[in-house]
Amino acid sequence: MKKAFLTLFFILLFQTVAMALDSAIKFVQVTDVHFDAENDYSVKVLEETVKDINKLNNVSFVIFTGDNLNKPEAQDLDDFVKIINKLKSPYYLVLGNHDVFKSQNLSKERYNEIVRENNIFWFQRKWNYVFKKSGYTFIVVDGAKEVIPGPIGYYRADTLEWLDKQLTKNKNVPVIIFQHYPIIDAPEFTSSRLKTHRTYQPEKYFAVLDKHKNVIALVSGHFHVNSEVMRNGVYHITTPTLLNNPPVYKIIDIVSKDELSPIIYTHLKQVEIKE
């Protein structure tokens, strides 16, 4: 009887630990890399960042939230992908205003093709996409323009309709959204620059978010500042450019226990650039 009791105890303990592990995840956000293959410092920063991330334990994935390139050139993208392919963790990409320009032969479609040519594990066909890990749903939302690129974010009506459907489909799962353009103003951002970098008609985006209760965080870049603001239960996280002085990226931990709402921890990690 005692042996049976101990066996049951350890089974329950194992299940409890497994559930706790399933509800915790750590990932890395790198944003506004502005990679330029002809700029030695830019190349060095990205290479050292990849090495630094590879030293971390238990990283589920790395997300690059736009402006991966400084200018929309195919060769720069090719070199960029070859460097980040050295990451030990899988990575995902978001497009920013510096990444694509259709008239310069780097359309969204061509951008996708180049990534796929260099990474056999890149399965995305569109820039609005979904992936799932450890009981969480991650949604990448595209606000970049490829015809007339610019610093004003624009989330098209069909993109917001798609997002609405994805949030409904995943209504019983905590959701984290990744995008380049923030939809909430950063207090740290100067008012003059905010006028040229804010998102067009953010109220339409908020109308979608406010219909759903499963979004716990929206993670973006673009502003080049560190800002974290809570709005209606959604944690809006904005991270500085990798080319900050010193270079930085963000480690994000999400933990959920029992039936409590997930708790989000963020940490800016500096990258040491060796001469």
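The values are calculated or read from the model by the stated rules, or taken from the named source; none is laboratory data. In this text, all values refer to a predicted model and were calculated from it rather than measured experimentally. Methodologically, a virtual Cβ is constructed for each residue, glycine included, from the backbone with ideal geometry; neighbour enumeration extends over all protein chains shown. Areas reflect the complete protein model, heavy atoms only, side chains present, ligands, DNA and RNA absent. Shrake-Rupley method; radii C 1.70, N 1.55, O 1.52, S 1.80 Å.
What shape does segment 225-275 take by its C-alpha gyration tensor, where a ≥ b ≥ c are the square roots of the eigenvalues and a/c under 1.5 counts as rounded, a/b above b/c as prolate, and the rest as oblate? Because a/c hits 1.5 or more and a/b fails to exceed b/c, segment 225-275 counts as oblate.
Here the sum of -39500 (n - 2.57) over DSSP H runs of 4 or more residues, divided by the residues of the chain, equals -10000 deg cm²/dmol at 222 nm, to the nearest 500. Per residue, the average separation of C-alpha pairs within less than 8 Å and at least 6 apart gives the chain a relative contact order of 20 percent.
For the chain, the extents of the C-alpha atoms along the principal axes are 75, 46, 35 Å, listed from largest to smallest.
Relative to the longest principal axis of the Cα atoms of the chain, the long axis of helix 157-169 makes an angle of roughly 10 degrees. For His236, the amide hydrogen comes within under 5 Å of the amide hydrogens of Leu218, Val229, Met230, Arg231, counting only partners 5 or more places away or on other chains and with H modelled in the peptide plane. Just the Cα atoms of segment 14-171, one point each, no solvent: what log10 I(q)/I(0) does Debye give at q = 0.14, 0.18 Å⁻¹? Each listed q maps to, in turn, -0.76, -1.17.
Computed with a 1.4 Å probe on the full set of protein chains, the accessible area for Ser261 sits at about 90 Å².
Per atom type, the chain shows carbon and sulfur on 54% of its accessible surface, probed at 1.4 Å. The angle between the Cα long axis of helix 2-22 and the main principal axis of the chain comes to about 10°, on a 0 to 90 degree scale. Charge tally for Gln104 (other residues, Cβ to Cβ under 14 Å; Lys, Arg +1; Asp, Glu -1): 0. Can you tally the net charge around Lys204? Count Lys and Arg as +1, Asp and Glu as -1, for every other residue whose Cβ sits under 13 Å from the Cβ of Lys204. Result for the local shell: -3.
Among the chymotrypsin sites (Phe, Trp or Tyr not before Pro) in segment 100-203, those placed in a DSSP loop whose Cβ has at most 10 other Cβ atoms within 10 Å are Phe121, Phe123.
Each principal axis of the Cα cloud of segment 130-243 was taken in turn, and the coordinate range along them, longest first, works out to 40, 29, 25 Å. Of the trypsin sites (Lys or Arg not before Pro) found in segment 22-69, those in coil by DSSP whose Cβ has at most 14 other Cβ atoms within 10 Å are Lys55.
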